[in-house]
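Okay, structure first, notes after.
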Amino acid sequence: MAGLGGTETLGRKSRWAILDLVVVVYALVPVLWIMSLSFKTTKTLTDGNFIPREWTLDNYKAIFQTSEFVRALGNSIGIAIISTVIAVVLGTMAAYAVARLDFPGKKALVGVSLLVAMFPQVSLVSPLFEIERSVGLFNTWPGLILPYITFALPLSIYTLSAFFREIPWELEKAAKMDGATPAQAFRKVIAPLAAPGVFTTAILVFILCWNDFLFAISLTSTSASRTVPAALSFFTGASQFEDPTGSISAAAVVITVPIIVFVLLFQRRIVAGLTSGAVKG
Amino acid sequence: MAFAYLAPTLLVLAGLLGYPIYQLVLISLYDYNQEQVSGNAPLNFLGLGNYQKLLSDKQFWTVLAQTVGFAAVCVAGTLLVGTALAVLATRVRAVPRTLLFLAALGAWATPAVAGSTIWLFLFDANFGLVNEVLSGIGLHGMAGFSWTYGQWTAFGLVAAQVIWCSFPFVMVTLYAGIRAIPGEVVEAAALDGASTTRIARSVILPLLRPLLLVVTIQSIIWDFKIFTQIYVMTNGGGIAGRNLVLNVYAYQQAFAASEYGLGASIGVVTTVLLLAITVVYLRVLKRSGEVL
């Protein structure tokens, strides 16, 4: 690896350490702050203390008692999982073709999928709104799943073909020469090699769908299909007269923390997935 | 053979992207308002009328300038923070490096809506930690100061949030790029007596240039499309729309003002602008020898 410079003085070291600390604070404090807010009681909510003086789970109890939030959470999970599965399956097929087969227009296909990834989603909102209303998909699960697949596919194809290029496909042939059937060669040799890439892509796609806000506010109108990011912007608290800050904080924590934990658990894979498109390993 | 694998993808893209784009262009050519949506008024073909109206509207140009300026600040900030941290990550030991990556990935993974809310609460006029700390260290004027009220503080606040959630990508990518530089190259330069700054400038920077270009253009594209942060943090584009950017403007025209035709024409203009940036991007990728 290319480490810069060999001899580090103590002073320089501590400067780096301080910089390191500043960054960690910049990245972490916002998330910790909202967690702190979510555990504060109504009385101490505005005291500005970083660590809550009185801890409470009331905010969480309150949001899980409103059907609005619980429905939204269910919608978020269901819609993101279904979109991810479909986008990854279709993406795997396309990426296999891109990585292994030669066909006319291959370059164009990758170019197109990049273009889709760059496409401003806002532009699609009005036409999709029109189309979905006329075919009855507005405010339904498929109404959100379909655009999610569209925008997840390019990411999925791009990441997967980067992974698939690294697979030693000769092994498949070797297995067949050793007497394995094509199905066996695929299941025993190729699938285990491809699985990490597919899994990583699935994580990235899931995060993309889970985090969407634009389609979620424009293509839904009731809690029948509204996901948490959209529901959050309509949040007014457990009762009409209550300050919603505590419940909003709790809701934000509920949709953020699982994703962060997930990302941290699979840190190395995600880093590999993020860089696969830009850096060639 | 290959076609069988590609057919589903092509079908999805044609149906769910191609057809809506066709619809978008079509709507942008009509006077398309609430009455037409509910079928109470006949469609009125305007040709390029919406575009004419848009380009002669002063607000459009203001919003366009704001979008470009806002994106420029976000891109510069993201690259600065991302690059500095990528270098930092190569210089610290394994434990602080892991900590750095974990913190960065946490920020990256936070949903945009939650991230926007988090930053709003952090800078809240009444109970925000930032005002609390600032007034605590003697800046008493900061107690109760509203960051979202002024046009510039609001843009600045949103930019800080955007940089917060986008620097990790730049950092992770450039870190991998620096790690991929063969150690011998750097060692050879050091043996020849080059200083650390010299090595950074004359050896590492040129080798990283293609990658820097890639992350720069990706950041431009990403920051040009910002929607959620502006929408949530400035409550739909700020007071009297002074924090609008193109995407939010298009959305407001179409959905809040029910001017679907006009909104669609803004969408077309944004798409064309992004397309231009993307074409440059593809050229860069090609030149840097990326196998697509």
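Values in this text are rule-based calculations from the coordinates and carry no lab data. All values derive from a computational prediction rather than experimental measurement. In this analysis, Cβ positions are derived from the backbone assuming ideal geometry, glycine residues included, and neighbour counts consider all displayed protein chains.
Side notes on the structure shown:
- Average other protein chain Cβ within 10 Å of Cβ, residues A:265-275: 4
- Dipole moment magnitude, nearest 20 debye, segment B:186-292 about Cα centre, only Lys, Arg, Asp, Glu C-beta charged: 200 debye
- Coordinate range along principal axes, alpha carbons of chain A, Å, largest first: 73, 69, 36
- Mean sequence separation of contacting Cα pairs (under 8 Å, at least six apart), scaled by the length of segment A:65-280, corresponds to a relative contact order of 33 percent.
- Using Cβ point charges alone (K and R +1, D and E -1), the dipole size of chain A about the Cα centre works out to roughly 700 debye.
- Average other protein chain Cβ within 10 Å of Cβ, residues B:249-261: 2
- Local charge for A:Ala97 was computed over the other residues whose Cβ lies under 14 Å away, with Lys and Arg +1 and Asp and Glu -1, and equals +3.
- In this Cβ point-charge picture (+1 for Lys and Arg, -1 for Asp and Glu), the protein assembly as shown has a dipole of about 1400 debye about its Cα centre.
- Shielding by partners, peptide A:189-196 (average Cβ within 10 angstrom, other chains): 0
- Positive dipole terminus of the protein assembly as shown, leading residue within A:Trp169, B:Leu191, A:Val228 (C-beta point charges): B:Leu191
- Cα centroid separation, segment B:105-145 to segment A:191-226 (Å): 29 Å
- By average C-beta atoms within 10 angstrom, highest first, the peptides A:119-132, B:144-157, A:23-36: A:119-132, A:23-36, B:144-157
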